[in-house]
Amino acid sequence: MKYRKLGRTGFEVSEISHGLWGMSGWTGSNDEESRKALQLSADLGCNFFDTAWAYGEGKSDRLLGELLHKNRGRKLYAASKIPPKNRKWPASSSDALEDVFPAEHVLKYADCIRKNLGVERIDLLQFHVWDDSWAGNEMWMNTVRKLKAEGLIAAFGLSLNRWQPNNGIRALETGCVDTVQVIYNIFDQAPADELFPCCKKLDIGVIARVPLDEGSLGGKLTPTTTFPEGDWRARYFCSANLLPTLQRVDALKAITPPAMTLPEMALRFVLSSPQVSTTIVGMRKLENVRENLKVSDGRPLEPALLAGLRGHRWDRKAAPWSA
Ligand SMILES: NC(=O)c1ccc[n+]([C@@H]2O[C@H](COP(=O)([O-])OP(=O)(O)OC[C@H]3O[C@@H](n4cnc5c(N)ncnc54)[C@H](OP(=O)(O)O)[C@@H]3O)[C@@H](O)[C@H]2O)c1
């Protein structure tokens, strides 16, 4: 496993990190399997784990807390997120910051998360949604300063709305944000246009999420794949999205080198950006942990392949199924 600097936080984080969204209780997740997947990750050198209060109303935070407790001798970084008070994903400029992240709500959930993680201080606390119309509002900045001054968090970050990578740049410029979490993968390359240069200039850590496009870049979905009701993927991979996605996945399979798998190529693509500090992969299955963590070996993609992958960029707009 290779490690990179997470912006100015001072954390040295594993290039491949572990996302707990899939462990929040939707179909197909099994807590025992999740615990084993998390432990295997830590044993293979992963030291950064991303969860959120909203992942099962504290459930994923608790699973991560168990992992931290069992591995007290090692430094594992825990990142979690404050849910929007109005429970609306994504945020928009029609929402008032006072209805989404009022100070007492943020402080209350920071406390709940600390309890579930079993820590005095959260390594990285993020807002789960963001709208940049709030950037100049002192309320959130004062809350972040208070959390840091009281030693309740080490670093603060924003998780940006799906396919809105520039909707956060003004907040980054305030100096109050240490990290940004953004969707970045072979399809969703727009963060490299403006967000990454801004993060480079301001030394902000970039956490690239959804590197496998929620699983399509795992290469196992077919036109007849269905997911049970209540499984988030049933909505995301509805027919309006599944079929166009699979056409693009087929085009990628056609250029995947013989000695490489599609998910390996997808993760190597994300890591090819020096601006990415770590990429969070959702992994519940042990074989996925083993396969994905191996990718962090310092070997870059061939320049011609990387250039070819840039041509597979797919700029998308939010749709009812993507929220
Ligand atoms: N708003 C936000 O802040 C937000 C939103 C979304 C995600 N996130 C974070 O980002 C993390 C990653 O996103 P994600 O989990 O939604 O999507 P993802 O990492 O792009 O894809 C995860 C899916 O890919 C499958 N997979 C993993 N490795 C594979 C492999 N080698 N071959 C084939 N399939 C593979 C997983 O299966 P198994 O689970 O069965 O192993 C899972 O179904 C989340 O867990 C969460 O921490 C944050």
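Please treat every number below as a calculation from the coordinates, not as lab data. Just so it is clear, the structure is predicted and the values come from calculations on it, not from any experiment. Note that we place each Cβ from the backbone using ideal geometry, even for glycine, and neighbour counts take in every protein chain shown.
Worth pointing out:
- About the Cα centre, charge dipole magnitude for region 3-322 (Lys/Arg +1, Asp/Glu -1 at Cβ), debye: 420 debye
- Evaluated at q = 0.23 Å⁻¹, the base-10 log of the normalised Debye intensity for region 193-308, with identical point scatterers placed on the Cα atoms, takes the values -1.38.
- Rg/Rh (Cα only; Kirkwood hydrodynamic radius) as it applies to region 72-136: 1.05
- Sorting 17-27, 235-245, 251-261 by average packing, meaning the other beta carbons within 10 Å per residue, from highest down gives 17-27, 235-245, 251-261.
- Placing R0 at 41 angstrom, the Cβ-Cβ distance between Lys2 and Ala234 gives a FRET efficiency of 0.70 after rounding to 0.05.
- Between Ser133 and Ala254, the simple label model (points 7 Å from Cα in the Cβ direction) yields a spacing of 4.3 nm.
- Subset of Lys108/Lys220; Lys115/Lys200; Lys70/Lys294; Lys70/Lys285; Lys88/Lys115 violating a 31 Å alpha-carbon distance limit: Lys108/Lys220; Lys115/Lys200
- Inter-label distance for Thr27 and Arg87, nm, one decimal - labels placed 7 Å from Cα along Cα-to-Cβ: 2.2 nm
- For the chain, convex hull volume per residue from C-alpha positions, Å³: 123 Å³
- Nearest-0.05 FRET efficiency for Lys115 and Ala149, computed from C-beta distance (R0 25 Å): 0.80
- For Lys201, the lysines whose Cα comes closer than 24 Å to its Cα, not counting residues fewer than 8 places off in the same chain, are Lys2, Lys5, Lys148.
- Averaged over residues, the count of other Cβ atoms within 10 Å places the peptides 147-154, 170-177, 53-60 in the sequence 53-60, 170-177, 147-154, highest first.
- Of the peptides 308-314, 76-82, the ranking by mean beta-carbon count within 10 Å, highest at the top, reads 76-82, 308-314.
- A full extension of the chain between Lys108 and Lys70 corresponds to an added length of 11.1 nm, given 0.36 nm per residue minus the alpha carbon distance.
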